[in-house]
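So the structure is just underneath, and the comments pick up after that.
The values are calculated or read from the model by the stated rules, or taken from the named source; none is laboratory data. Computed from a predicted model, the values in this text were never measured in an experiment. Glycine also receives a Cβ, built like all others from the backbone with ideal geometry; neighbour counts cover every protein chain displayed.
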């Protein structure tokens, strides 16, 4: 249920833990105790295990439980019979899903949205970070930055409400401007061709500032002697950005790009459920929103679970493929 | 700086872009605020920019008289406070043992946890597990199924690992138990990291709407975001319409008043916590 940005942070975390594991030598603790018996070691760690237990139970029940719950996509789940007693139907739900035109519609919409986000939000975030980095007065920079990530603190419901009002045909600011310039008002929300525009602009409005934080952190680490050398060569500001700043943060850009590509179809339902309207379903409906409607609306649990499973498996495969491809092409890898 | 650099055209353009950008960020927020303080006539006429017209507090009074919105506000506060306490407590408790490289089975447990980042059962099977464990339609359905966010767990694990080992060694020589070391050394030293994850959990709870609409059915238990969502979806407010004069009070005005009030807790903490937000994002990503 987390948005793309969160998924990005999640996966960055994985990367970091894995690297740490390689760097950190095995602690002295192990040597001290390695002579002791296994049971004795466990007894010594009893307090640590006690602390770990609730968290471990959480992961087993609420993270691994649903994975095993996916068996219902091969069954005809009935709430009265329960997961175990329900009848096996094999791949019936998957066959039904793949044979409908809805499958291609969802596939196309999810991919379109993911690609638009990748092609627009991703470079815009980097551009924003670069522009912010060019401000030399520390105070001004801080003010701009603080304002830029303010929307990140607003809930998705508020962001969508703001954008629906902004583009509203009756009381929207955009239509007021259109009328002032002599145009005819447009019902943006009911028009499928404007749906992606609203989705992406709201994503930019809410996420640009917070997305830039990672790049700004990388930018602050750029070696200053490089700029001095560029100054001696008589480089202009734009040339310095292009030849010094950008190459310096390239590793971060590549990693983030990789994560975005890997998560391209992993789009949460929350925003779509708020922004779409029956007239825009044909372009707006994505896997996750469809799963929500079919599962929670029509109570067709097994079919919805099958659609969800297809999405999860595909997303995991894309991530692995993106990583493999990157390892081959650039030598950069997530794990 | 050795020599003072003079402001160039480049600086001017950069500054201009950022001012325009910040204006586009702020304009919708100021407009929202203005609408919430305006009378219905001007909202319908659509002639409000960033200053209220026909100043009135009607929309806010409506909020104060509306039991269901007040109750939702209270629910949100309770869910957020209890939720954040549980989240932070169990995240820190789980992270500490996992930061010890000598913990038996550590790498296996880490793999188990990290795998959940790549693959999940998805919405429907998770819903069924929540249902089977009897949490449906209770406050705990919003808390227990998302007790630990893996990214926050990783932030804490990495922080605990970054503490110098010598700190622990001294305490262990004194015969302190793991729990004592955790309580007296590890937790007090990690206040900044704990503040970061607290902020993430706070925002998660206060702003979430999808999880409540999945797991709660009883309208009396709805948090504020769900009530806001129904105002947004129906473009109308329950009970409004037949009783009031549309030239005074409109659904948009009421909705915006509720939005403004829902932002208050966030705006109060924002100046104090935004530095933890920045460090949290950075710790959770590039550092390590």
From B:59, B:49, residue being under 21 Å from residue A:164 (Cβ atoms), over 25 Å from the mean Cα position of the chain (by Cα) and either touching a residue at least 60 places away in the same chain (Cβ under 8 Å) or more than 11 Å from every other protein chain (Cβ to nearest Cβ) (or both): B:59
Enumerated helices (runs of 4 or more DSSP H) restricted to segment B:99-184, each holding at least 2 residues that are facing another protein chain (nearest Cβ under 7 Å) and either out of contact with any strand residue (DSSP E or B) (no Cβ under 9 Å at 6 or more places or on another chain) or within 30 Å of residue A:319 (Cβ to Cβ) (or both): B:106-118, B:123-132, B:150-162, B:178-181
Qualifying residue in segment B:75-96 (condition: in contact (Cβ under 8 Å) with a residue 60 or more places away in the chain, more than 13 Å from chain A (Cβ to nearest Cβ) and over 30 Å from residue B:193 (Cα atoms)): no
Among residues of segment B:206-222, those that are more than 8 Å from chain A (Cβ to nearest Cβ), touching a helix residue (DSSP H, G or I) at 6+ places or on another chain (Cβ under 8 Å) and assigned to a loop (DSSP other than H, G, I, E, B), counted: 2
Residues being touching a helix residue (DSSP H, G or I) at 6+ places or on another chain (Cβ under 6 Å) and away from chain B (no Cβ under 11 Å) - total across segment A:286-317: 1
Condition check for residue A:67: free of Cβ contacts under 8 Å to residues at least 24 places away in the same chain and under 26 Å from the mean Cα position of the chain (by Cα): yes
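Looking at residue A:141, is it more than 26 Å from residue A:269 (Cα to Cα) and free of Cβ contacts under 8 Å to residues at least 12 places away in the same chain? First the steps, then the outcome.
On the way: more than 26 Å from residue A:269 (Cα to Cα): yes; free of Cβ contacts under 8 Å to residues at least 12 places away in the same chain: yes.
Yes, satisfied.
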Residue within segment A:87-99 that is part of a helix (DSSP H, G or I), without any contact (Cβ under 8 Å) to a residue 12 or more places away in the chain, surrounded by fewer than 15 Cβ atoms within 10 Å (Cβ to Cβ) and within 24 Å of the chain's Cα centre (by Cα) present: no
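Residues are listed down the side, and each one gets a yes or a no for (1) over 29 Å from the mean Cα position of the chain (by Cα); (2) surrounded by fewer than 13 Cβ atoms within 10 Å (Cβ to Cβ); (3) over 23 Å from residue B:33 (Cβ atoms):
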position	(1), (2), (3)
A:163	no, no, no
A:168	no, no, no
A:190	no, no, yes
A:196	no, no, yes
A:209	no, no, no
A:224	yes, yes, yes
A:228	yes, yes, yes
A:255	no, no, yes
Hits in segment B:124-137 - residues which are closer than 16 Å to residue A:74 by Cα and touching a residue at least 40 places away in the same chain (Cβ under 8 Å): none
Scan of segment A:144-160 for residues that are more than 18 Å from the chain's Cα centre (by Cα) and free of Cβ contacts under 8 Å to residues at least 60 places away in the same chain, ordered by number: A:144, A:146, A:150, A:158
Unmet criterion (only one of (1) touching a helix residue (DSSP H, G or I) at 6+ places or on another chain (Cβ under 9 Å); (2) surrounded by fewer than 16 Cβ atoms within 10 Å (Cβ to Cβ); (3) over 25 Å from residue B:228 (Cβ atoms)) for residue B:106: (2)
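Within segment A:58-76, can one find any residue that is in a loop (DSSP other than H, G, I, E, B), surrounded by 14 or more Cβ atoms within 10 Å (Cβ to Cβ) and at pLDDT below 90?
First, the residues of segment A:58-76 that are in a loop (DSSP other than H, G, I, E, B): none.
Within segment A:58-76, none of the residues are in a loop (DSSP other than H, G, I, E, B), surrounded by 14 or more Cβ atoms within 10 Å (Cβ to Cβ) and at pLDDT below 90.
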For residue A:229: the one exception among (1) modelled with pLDDT under 90; (2) closer than 28 Å to residue A:73 by Cα: (2)
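Quick grid of which residues meet (1) modelled with pLDDT of 90 or more; (2) more than 9 Å from chain B (Cβ to nearest Cβ); (3) over 21 Å from residue B:270 (Cα atoms):
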{"residue": "A:176", "(1), (2), (3)": "no, no, yes"}
{"residue": "A:182", "(1), (2), (3)": "no, yes, yes"}
{"residue": "A:189", "(1), (2), (3)": "no, yes, yes"}
{"residue": "A:210", "(1), (2), (3)": "no, no, no"}
{"residue": "A:214", "(1), (2), (3)": "no, no, no"}
{"residue": "A:222", "(1), (2), (3)": "no, yes, yes"}
The one condition in (1) more than 8 Å from chain A (Cβ to nearest Cβ); (2) modelled with pLDDT under 85 that residue B:44 fails to fulfil: (1)
Some residue of segment A:15-25 being assigned to a loop (DSSP other than H, G, I, E, B) and modelled with pLDDT under 85: yes
